[in-house]
Amino acid sequence: MGALAESYKDTLLEPQHIPLDYGSVHTLPDSHVWLDESNESPSGVHSTGPPLIDLADPDAERLIIQACETWGVFQLIGHGIPTKLMEAVQSEAEKLFDLPVDQKMKALRSPGGSQSGYGLPPISPFFEKLMWHEGYHIMGSPIDHAKLLWPNDYQGFCDTMVHYRSQLKALTEQLICIILKSLNINPEEVAWLKESQGLSIGLQLNCYPACPDPTRAMGIAPHTDTSLITILQQSKVSGLQVFKDGAGWVLVQPVLGAITVNLGDFFHILSNGVFTTVRHRVVATQVRRLSFAYFYAPPGDFIVSPVLSKDFGEVPRYQTLSVKEFVGIKGKHFEKALSVIQN
Ligand SMILES: C=C1C[C@]23C[C@H]1CC[C@H]2[C@@]12CCC[C@@](C)(C(=O)O1)[C@H]2[C@@H]3C(=O)O
Ligand SMILES: O=C(O)CCC(=O)C(=O)O
Ligand SMILES: [Fe+2]
């Protein structure tokens with residue numbers, strides 16, 4: 001199923017690491033109070049956000065590379081993902097998160113197992129407080145878990161998710177080719193791009209329930225993605241913020257029909273630190289917000305080695321290691337993982 005299935009597999013999920021029955025909670029419990037960390041730099045919210053790029057623009061490739069260097073995130077239109085499909089994913093996910101909590105608990109992610117299923121973000125054990133979040137992760141076939149949720153009516157959900165995943169795969173690989181070429185790597189020579197064998201692909205459905213006290217809660221704590229790139233579909237409700245040096249936390253304002261593209265840790269290492277692995281978080285909101293994140297990483301045995309050149313530097317800033325090894329280091333050291341492998 002790929003190396004990402006092993007992410008955070010040794011982080012200890014305690015009994016409290018299960019989502020609350022959010023519908024029945026009307027004040028923020030102490031377990032979920034992050035004080036005003038989620039509000040630490042309100043000024044940043046007013047800065048201009050990451051660029052909006054049209055993939056059909058003749059200049060798109062240059063703009064994408066520029067965004068990889070400066071922001072590590074951009075919004076994309078002209079991406080070819082059908083609006084109908086994006087809407088279908090939204091409505092299937094709504095149907096899922098609308099289920100009574102007892103029903104959702106039947107598909108609870110099992111500790112030590114693969115990442116699939118219902119639960120809090122796997123990074124939860126790194127924090128003292130809990131996030132105002134419930135998620136559902138799909139890795140490999142969605143059928144087994146969906147059957148637990150809807151014993152007689154799982155096909156529509158599964159077909160939609162599988163169709164969405166395959167459309168996103170094609171788009172993701174198109175973007176990866178553009179970025180690899182800028183690193184002087186010939187995509188034709190990258191075996192996993194041609195054969196798709198052993199790739200790590202995960203589709204995470206995120207739900208941030210309506211929060212009674214959003215400024216003191218946290219949707220998803222700051223993190224970088226353990227991926228090459230992540231494709232994110234935000235709903236109309238804003239909440240995603242990215243950290244930009246000099247500006248602080250900057251809102252990624254949802255744009256109708258656009259998708260958000262994040263660079264993850266592996267492109268940062270491959271580019272010898274020139275492309276940004278964007279640190280981001282999600283603030284809690286007064287109204288429910290859904291988002292869908294598609295994570296793409298190379299096979300576990302792929303060796304990630306910084307590209308060296310005049311443009312990317314002649315001295316490697318990071319150690320060479322396999323995807324699997326980095327996933328292990330991330331699971332242990334989380335936000336410090338990149339500094340652990342720094343030369
Ligand atoms: C495919 C992936 C990427 C994972 C690990 C594995 C399965 C779940 C993903 C997320 C989804 C929610 C945020 C995050 C930070 C988390 O807690 O779980 C992500 C994490 C990562 O990007 O590291
Ligand atoms: O909800 C969002 O906009 C972002 C979610 C996210 O960062 C993730 O799933 O890794
Ligand atoms: Fe993320």
18 Å Cα-Cα threshold exceeded, pairs from LYS181/LYS336; LYS9/LYS332; LYS106/LYS332: LYS181/LYS336; LYS106/LYS332
Test of the criteria: in the range 296-343, which trypsin sites (Lys or Arg not before Pro) are in a DSSP loop and have at most 10 other Cβ atoms within 10 angstrom of their Cβ? LYS310
Relative contact order of the range 242-312: what whole-number percent is it, with Cα pairs under 8 angstrom and at least 6 residues apart? 33 percent
Starting from the Cα gyration tensor of the range 48-341, take the square roots of the eigenvalues, sort them a ≥ b ≥ c, and report rounded, prolate or oblate (rounded when a/c is under 1.5, otherwise prolate if a/b is larger than b/c, else oblate). rounded
Under 20 Å between alpha carbons, and skipping anything fewer than 8 positions from LYS310 in its own chain: which aspartates and glutamates qualify? GLU69
If R0 = 30 Å, then MET105 and THR27, at their Cβ-Cβ distance, give a FRET efficiency to the nearest 0.05 of 0.85
I'd like to check one number: the per residue accessible area of the chain, probe 1.4 Å, reported in Å² as a whole number. 43 Å²
Mean separation of Cα pairs under 8 Å and 6+ residues apart, divided by the residue count of the chain: what relative contact order is that in percent? 25 percent
Roll a 1.4 angstrom probe over the protein heavy atoms and tell me the percent of accessible area of the chain that is carbon or sulfur. 53 percent
At what distance in angstrom do the alpha carbon centres of the range 227-254 and the range 67-121 lie from each other? 16 Å
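The values are calculated or read from the model by the stated rules, or taken from the named source; none is laboratory data. If you're wondering where the values come from, they're calculated on a predicted model, not measured in any experiment. Backbone-built Cβ (ideal geometry, glycine too); neighbour counts: all protein chains shown. To get the accessible areas, we keep the full protein, side chains included, count just its heavy atoms, and leave off ligands, DNA and RNA. Shrake-Rupley method; radii C 1.70, N 1.55, O 1.52, S 1.80 Å.
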